[in-house]
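Worksheet for the structure shown next.
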Amino acid sequence: MPEGKFTHSIVKRNNPALEMILGAEGEKSLWCGPCAVESREQVLETAAFLKSMGVRILRGGAFKPRTSPRSFQGLGEKALVWLAQAREKYGLHVVSEVMDPADIPLMAHYVDVLQIGARNMQNYSLLKKLARQDKPVLLKRGPAATVEEFILAAEYILSGGRAGVILCERGIRTFERYTRNTLDLSCVALVKQFTYLPIIVDLSHSLGRKDIMAPLARAALACGADGLMMEVHPEPAKALCDGQQSLDFAQFQALLAETGCFGFHGRKRGRVIPLWSSRVNAWNEAGGLRKTENGTAGTKGGE
Ligand code: PEP
Ligand code: MN
């Protein structure tokens, strides 16, 4: 890679807005929540659960980029209001996707981080408009974008000198069919090599399945990923979008417990942050998941 190829992205910035979202340097973040916001109850129930697991960033789509125009397109502003309510109630940061440049002010009013979906990574008018506002941007890698194109897309946003950028590797399209996309972990290592930008890995959209999330979570963190995104839904079987790759609460809890590397919070500001597994144990002791009226899976005997 020729030196000096990237300009803005290699400049280390002191960005308080990003630090607030990501935590202290070296801290790993979890970005979790449903693919799409479906109801107020769904968002609040998920937010309560995630909060109890120590997750600080809630995701949820209000405007959904769907391959078929006949698929669920998201609930729009109503969904943003519920996300904002979950943020207030549980003290979470909220991230949601903006698809239309005209929606940026509306989105910025409700969410803490603006997500640019994979399909829009090269929507340059959207990127240029994001460069002129202050909210941090989570930029997902396009399914057919090279690492260079990915970093240059981030430069469009950074060139405004205002918004910070967090990159998100979410898999690229290959001939492989056992996974929805092919998780390209070399992208994480290369981004770390060439830039100072934080990068997280979206396990749900990379894999399109849940059964191999734990080893890939470990691999992503071993490669230097600053965090992980996972779709979490109270009842994946009934999800309007991406249920096959969404973890229910018991599965999410099991993933954290199984994945040894989730003890990464370590010490922060002089106090010991409980390891994920001990959070899980504490949560279990407090009663764990109970069966709800609408039949949410319990901790024991979940899917
Ligand atoms: C999403 O995170 O909701 C999403 C649609 O993912 P991607 O843009 O990576 O396909
Ligand atoms: Mn999804």
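Contact annotation: residue pairs with Cβ atoms under 6 Å, 6 or more positions apart or on different chains, pairing a residue in the stretch 53-68 that is free of Cβ contacts under 8 Å to residues at least 60 places away in the same chain and farther than 21 Å from Leu255 by Cβ with a partner that is near ligand 1 (Cβ under 8 Å from one of its atoms) and basic (Lys, Arg), are Pro65/Arg119. Applying a threshold of 7 Å to beta carbon distances and a minimum spacing of six or more residues, or different chains, the list of pairs starting in the stretch 141-152 at a residue that is under 14 Å from Tyr196 (Cα atoms) and ending at one that is assigned to a helix (DSSP H, G or I) and more than 15 Å from ligand 1 (Cβ to nearest atom) reads Ile151/Ser9; Ile151/Val191; Ile151/Phe194. Being surrounded by fewer than 15 Cβ atoms within 10 Å (Cβ to Cβ) and within 16 Å of ligand 2 (Cβ to nearest atom) is a property that holds for Ser68.
Please go through the stretch 217-238 and pick out each residue that is in a helix (DSSP H, G or I) and within 16 Å of ligand 2 (Cβ to nearest atom). Can you show your working first?
Going through the stretch 217-238, the residues in a helix (DSSP H, G or I) turn out to be 217-222, 236-238.
Matches in the stretch 217-238: Pro236, Ala237, Lys238.
Here is a yes/no grid of residues against (1) over 20 Å from Val95 (Cβ atoms); (2) out of contact with any His (no Cβ under 7 Å at 6 or more places or on another chain); (3) modelled with pLDDT of 95 or more:
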| position | (1), (2), (3) |
| --- | --- |
| Val191 | no, yes, no |
| Phe194 | yes, yes, no |
| Val201 | no, yes, yes |
| Ser206 | no, yes, yes |
| Leu221 | no, yes, no |
| Met229 | no, yes, yes |
| His233 | no, yes, yes |
| Leu240 | no, yes, yes |
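The number of residues in the stretch 194-216 being of a type in the set (A, V, I, L, M, F, W, C), touching a strand residue (DSSP E or B) at 6+ places or on another chain (Cβ under 6 Å) and in a helix (DSSP H, G or I) comes to 1.
Here the condition is being within 16 Å of ligand 2 (Cβ to nearest atom) and either under 18 Å from the mean Cα position of the chain (by Cα) or under 20 Å from Trp31 (Cα atoms) (or both); of Arg173, Arg180, it holds for Arg180 alone.
Listed by position, the helices (runs of 4 or more DSSP H) enclosed by the stretch 59-136 that each have at least 1 residues that are within 16 Å of ligand 1 (Cβ to nearest atom) and within 21 Å of Ser39 (Cα to Cα) are 77-90, 104-110. Checked against (1) part of a helix (DSSP H, G or I); (2) more than 12 Å from ligand 1 (Cβ to nearest atom); (3) farther than 20 Å from Ser52 by Cα; (4) not aliphatic (A, V, I, L, M), Gln251 passes all but condition (3).
The values are calculated or read from the model by the stated rules, or taken from the named source; none is laboratory data. Note that this is a predicted model, so its numbers are computed, not measured. Cβ sites come from the backbone with ideal geometry, for glycine too, and all protein chains shown count toward neighbours.
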